[in-house]
Amino acid sequence: MRTRNYIYKKTGVSTSTELKELIRASDGEVFTVICADAQTQGRGRMGRSFFSPEGGIYFSAAFPLKGNEKHASFITLLAGLTVCEALERHCKKPLSIKWPNDIYFDGRKLCGILTEQTKNTAVVGIGINCFSGFPDELKGIAVSLADIGAKPPDKKAFVESVVTALDKEIYENGVLFRGSEKLADEINRRFYLKNKTVTAISEQKEIKGKALGINDWGALIVLTSEGEKEIISGEAHIV
Ligand code: BTN
């Protein structure tokens with residue numbers, strides 16, 4: 001098992017931005033995790049910002065890759081499943097996973113995940129809403145642990161258990177090389193887009209159809225008028 005270096009801070013700009021800077025400045029492999037109580041410039045996918053007030057859980061973990069992983073993009077879904085299972089154990093509510101990177105409760109987003117790559121290292125950034133008080137533009141689309149009657153978990157124990165579980169799948173079980181039917185089943189059981197008509201966007205191409213689920217390495221399967229298509233990475237919106 002890798003030795004992890006955990007950094008806990010009160011406020012940061014963005015744990016992902018900070019971790020990427022640390023990786024760029026380093027000569028060797030980085031296994032650091034940065035966690036902050038608040039972020040002043042939390043980032044989401046597609047250049048969006050991520051609302052990160054005091055008291056949420058915001059952390060980014062570095063996962064050095066060998067570079068020949070066949071299914072490197074599976075890491076986002078793997079992180080989604082791992083956090084989802086940890087949150088379900090904590091709040092005792094069923095949660096769903098919206099391909100490729102969000103965790104939902106009852107149609108609203110509880111947690112967002114952003115995966116970026118720097119120097120052969122995947123930086124997985126995870127943000128969990130803990131308290132209510134969303135700005136107007138997020139009301140109705142975001143939800144917090146407090147909204148669903150759960151206290152925030154013990155931050156250190158939570159973050160470290162999620163990262164340890166991810167290390168096990170990635171470095172011991174080699175799921176980024178092999179894929180995993182078992183993990184895909186667990187994700188499909190919680191699949192938020194199941195049978196919904198979606199527009200999936202990948203590499204500037206738009207594909208419209210019915211979302212069926214994911215395959216053993218995390219690609220989205222969409223039933224289109226031309227048959228089933230696999231989308232390895234991108235975004236999907238319900239139409
Ligand atoms: C999204 O919803 O599009 C992804 C949100 C990811 C937010 C997390 S919070 C920790 C890490 N630092 C960031 O700036 N973003 C990620």
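The values are calculated or read from the model by the stated rules, or taken from the named source; none is laboratory data. Computed from a prediction, not measured in an experiment: that's the story for all the values here. Using ideal geometry, Cβ is built from the backbone for each residue, glycine included, and neighbour counts are taken over all protein chains shown. For the accessible areas, the whole protein counts, side chains as well, though only heavy atoms, and no ligand, DNA or RNA atoms are used. Shrake-Rupley method; radii C 1.70, N 1.55, O 1.52, S 1.80 Å.
Filter the stretch 96-121 down to the residues that are touching a Leu at 6+ places or on another chain (Cβ under 6 Å) and among the hydrophobic types (A, V, I, L, M, F, W, C), then identify the one that is nearest to the ligand (Cβ to nearest atom).
Ile103
Within the stretch 124-137, does at least one residue satisfy the condition of being in contact (Cβ under 8 Å) with a residue 12 or more places away in the chain, within 14 Å of the ligand (Cβ to nearest atom), touching a Lys or Arg at 6+ places or on another chain (Cβ under 8 Å) and open to solvent by 20 Å² or more (accessible area, probe 1.4 Å)?
Within the stretch 124-137, none of the residues are in contact (Cβ under 8 Å) with a residue 12 or more places away in the chain, within 14 Å of the ligand (Cβ to nearest atom), touching a Lys or Arg at 6+ places or on another chain (Cβ under 8 Å) and open to solvent by 20 Å² or more (accessible area, probe 1.4 Å).
Six or more apart or on different chains, Cβ under 8 Å: which pairs go from a residue in the stretch 9-31 that's touching a residue at least 60 places away in the same chain (Cβ under 8 Å) and β-branched (Val, Ile, Thr) to one that's part of a helix (DSSP H, G or I) and within 16 Å of the ligand (Cβ to nearest atom)? Could you list them?
These pairs meet every condition: Val30/Leu19; Val30/Leu22; Val30/Ile23.
Pick out the one residue from Val30, Val13 that is on the phi < 0 side of the Ramachandran plot, out of contact with any Cys (no Cβ under 9 Å at 6 or more places or on another chain) and within 14 Å of the ligand (Cβ to nearest atom).
Val13
Within the stretch 155-165, identify whether any single residue is assigned by TED's automatic domain parsing to the domain that holds Lys98, more than 15 Å from the chain's Cα centre (by Cα) and either modelled with pLDDT under 95 or closer than 15 Å to Leu65 by Cβ (or both), and answer yes or no.
No, the stretch 155-165 contains no residue that is assigned by TED's automatic domain parsing to the domain that holds Lys98, more than 15 Å from the chain's Cα centre (by Cα) and either modelled with pLDDT under 95 or closer than 15 Å to Leu65 by Cβ (or both).
For the list (1) near the ligand (Cβ under 10 Å from one of its atoms); (2) within 23 Å of Tyr6 (Cβ to Cβ), I need the number of the one condition that Phe51 fails.
(2)
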